[in-house]
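A.B. asks: Input: one structure, supplied below.
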Amino acid sequence: MSQKMTHKHLAELVGGELIQGDPDGIVTGLNSVAEAEPGDVTFLGNARYLTALKTSRASAVLVGPDFAEPLEGKALVRVANPTFAFSSVIRHFGPPARDFTPGVHPSAVVSPKAVFDPLKVSIGPGVVIGDDVSIGAGTAIHAGVCIGQGVRIGEDCLLHANCTIADRCVLGCRVTIHSGSVIGSDGFGYEFVKGRHAKVDQVGIVQLDDDVEVGACTSIDRARFGRTWIGEGTKIDNQVQIGHNVVIGKHCIVVAHVGIAGSVRIGNYVTIAGQTGIAGHLEIANQVTLLARSGVTKSITQPGAYTGYPARPLIEGRKAMVAQARLPELMDRLSRLEKRLAAFEKAAESSTPTQG
């Protein structure tokens, strides 16, 4: 653990301004708003935690540019982005980063046709590396990783334990793959022939550009032809399914449990919230946000926020959800109106004079 620091040094560490508190006051650790103890640094990244912050025991708080609440007994450090700035605090007080130890573990099974500098890469126990693989300097491959034939891996990548990079897939530089994920599984393609599901060959690849991160237990299918392609800087959460020939642009966010069917094309700076599903062969424009549990059944051509099933522009989608929630009440009202109408019609019939 790193040593304690003064409030003044804390502000310097995060590139902020000490706007309240003793510059020589001491902080010794970090924690969340709710769990912080005296001596801890915390941060206010979301206004919904302001009430909890007022009773927090933290000694110092990173706050945003517009923060104006008086907090008695706490040092306040103003920063542009408290959530991001807190990363510097974590690096200072948190556990040390895992050491990069170059070399090849004796239990690794490495093809003699693989190309890399053993003094500049780290290959852990039980790793399997196939023929014609190339690995860039600074890349760390942890225990149990399987790398198929012809894979290309750039510099400074991090492959966590027990992930799989299947044959011929391509990873750029600074790509991170978390445990249990599979890059390059077969696309899900079958044709119904003579009463049976016949497999359609999937001979393309997956390409992950620079600075892509893939969470744990995510599957990205290889293309039938060509490539399934994830653009630079895109971040993919745990347990996401990305189908064959999908293209995702640059700097997108894909949250857990999202399912993207084959041949979808997604633009740049798109956010796809949890449990969203996207049907196959659709296009999603740049700068679209799909709220949680949206169901996309048609292409989206305009930037903006969308929600619901089927996904609609945000305001329209929320109105539809409100209307849907009122259906039981409306059905009950309709039933009562129908009964009153029937009673009125019956009374009208009984009061009609008889002719003759």
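Every number in this text was worked out from the coordinates using simple rules, so none of it is lab data. This structure is a prediction, so every number in the text was calculated from the model and none was measured. We place every Cβ from the backbone using ideal geometry, glycine too, and count neighbours over all the protein chains shown.
A.B. asks: Just need the relative contact order of the chain here, percent rounded to a whole number, with Cα pairs under 8 Å and 6+ apart.
C.D. replies: 6 percent
A.B. asks: What ranking do T271, T83, T51 get, fewest neighbouring Cβ atoms within 10 angstrom at the top?
C.D. replies: Sorted ascending by nearby Cβ count, the order is T51, T83, T271.
A.B. asks: What trypsin sites (Lys or Arg not before Pro) in segment 81-189 are in a loop by DSSP, with at most 13 other Cβ atoms within 10 Å of the Cβ?
C.D. replies: In loop regions of segment 81-189 (DSSP not H, G, I, E or B), the sparsely surrounded trypsin sites (Lys or Arg not before Pro) are R98, K113.
A.B. asks: Another question about this same structure. Compute and list, largest first, the equivalent-ellipsoid semi-axes of segment 19-63 from the alpha carbon gyration tensor, each √(5λ) rounded to a whole angstrom.
C.D. replies: The equivalent ellipsoid of segment 19-63 has semi-axes of 17, 12, 8 Å.
A.B. asks: For the chain, list the DSSP H helices whose alpha carbon atoms reach 15 Å or more along the long axis and whose average Kyte-Doolittle value is 0.5 or above?
C.D. replies: Answer set is 82-93.
A.B. asks: For the chain, what is the calculated [θ] at 222 nm in deg cm²/dmol (nearest 500), taking -39500 (n - 2.57) for each run of four or more DSSP H residues and dividing by its residue count?
C.D. replies: -5500 deg cm²/dmol
A.B. asks: Can you give the Rg and Dmax of segment 5-93 based on its C-alpha atoms, in angstrom?
C.D. replies: 11.1, 30
A.B. asks: Just the number, please: Stokes-Einstein D of the chain in µm²/s, Kirkwood Rh from C-alpha pairs, 20 °C, 1.002 mPa s.
C.D. replies: 87 µm²/s
A.B. asks: So how far apart, in nm, are the two label points at D131 and L327 if each is 7 Å from Cα heading toward Cβ?
C.D. replies: 5.8 nm
A.B. asks: Another question about this same structure. What is the calculated FRET efficiency for R318 to K120, with r their C-beta to C-beta distance and R₀ = 51 Å, to the nearest 0.05?
C.D. replies: 0.45
A.B. asks: Taking other Cβ within 10 Å of each residue's Cβ, how do K194, K54, K346 sort, fewest first?
C.D. replies: With the sparsest Cβ surroundings first, the list reads K194, K346, K54.
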